[in-house]
Amino acid sequence: QVQLVESGGGLVRPGGSLRLSCAASRSIFTNNAMGWYRQAPGKQRELVASIMWVGLTTYADSVKGRFTISRDNAKNTVYLQMNSLKPEDTAVYYCGPARAGNIYWGQGTQVTVSS
């Protein structure tokens with residue numbers, strides 16, 4: 001059974017930080033690149049960060065230098081450390097396999113950046 005469970009979202013002021021966690025089923029985590037996506041109201045879901053099984057990372061330009069993705073392969077968990085948050089980072093954040101046409105999603109976790 002495929003499972004993705006995101007947590008760690010919340011309300012934070014601009015400039016603040018949050019750390020998101022995603023616990024995944026071994027079947028979709030092992031040997032796969034994993035990603036953090038986000039979807040803001042009225043916008044399409046976008047990939048903001050990805051990490052390969054061996055740890056190589058990529059970031060969207062909008063979050064580069066502020067967000068850090070990491071993974072713990074022993075725990076089937078991927079993390080997203082978000083610093084210097086901006087109002088435009090407000091969205092529902094999802095994790096999932098970092099590949100085109102991914103169909104596996106969790107419930108997401110809401111991140112709201114507002115003063």
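The values are calculated or read from the model by the stated rules, or taken from the named source; none is laboratory data. On a predicted model such as this, the values are computed, not experimentally measured, just so you know. Here the Cβ positions follow ideal geometry from the backbone for every residue, glycine too, while neighbour counts run over all protein chains shown. With ligands, DNA and RNA removed, areas are computed over all heavy atoms of the protein, side chains included. Shrake-Rupley method; radii C 1.70, N 1.55, O 1.52, S 1.80 Å.
Some points to look at:
- The 3J(HN,Hα) values that the Karplus relation (6.51, -1.76, 1.60; θ = phi - 60°) gives for region 101-108 are, in residue order, x, 4, 10, 9, 9, x, 7, x Hz. Gly and Pro appear as x.
- Region 22-69: C-alpha gyration tensor shape, a/c 1.5 cut-off, then a/b vs b/c: oblate
- In this structure the amide hydrogen of LYS86, modeled in the peptide plane, comes within under 5 Å of the amide hydrogens of GLY15, none closer than 5 places in sequence on its chain.
- Under the combined filter of DSSP loop state and at most 10 neighbouring Cβ atoms within 10 Å, region 38-71 retains these trypsin sites (Lys or Arg not before Pro): LYS43.
- The apolar share of the surface of the chain, taken as the fraction of accessible area on carbon and sulfur atoms (1.4 Å probe, ligands and nucleic acids excluded), comes to 49 percent.
- A 1.4 Å probe, protein heavy atoms only, puts the accessible area of ASP61 near 130 Å².
- Over the chain, accessible surface divided per residue gives 53 Å², non-protein components excluded, 1.4 Å probe.
- With kT/(6 pi eta Rh) evaluated at 20 °C and eta = 1.002 mPa s, and Rh the Kirkwood radius from Cα pairs, region 29-115 diffuses with a coefficient of 162 µm²/s according to Stokes-Einstein.
- Model label zone, SER114; criterion: amide N under 16 Å from point 7 Å along Cα-to-beta-carbon; scope region 50-69: none
- Mean separation of Cα contacts under 8 Å (6+ apart) over length of the chain, as relative contact order %: 37 percent
- Given charges at beta-carbon only (K, R positive; D, E negative), |dipole| of the chain in Debye: 60 debye
- Computed [θ] at 222 nm, helices only, for the chain once each DSSP H run of length n ≥ 4 contributes -39500 (n - 2.57): -500 deg cm²/dmol
- Interchain or long-range residues, amide H under 5 Å from ALA49's placed H: TRP36, ALA60
- 3J(HN,Hα) along region 24-37: 10, 5, 4, 5, 9, 8, 5, 6, 10, 5, 10, x, 10, 10 Hz, from the Karplus curve 6.51 cos²θ - 1.76 cosθ + 1.60 with θ = phi - 60°, whole Hz, x for Gly and Pro.
- Distribution of pairwise C-alpha distances over region 76-115, 10 Å bins, in %: 24, 48, 26, 2
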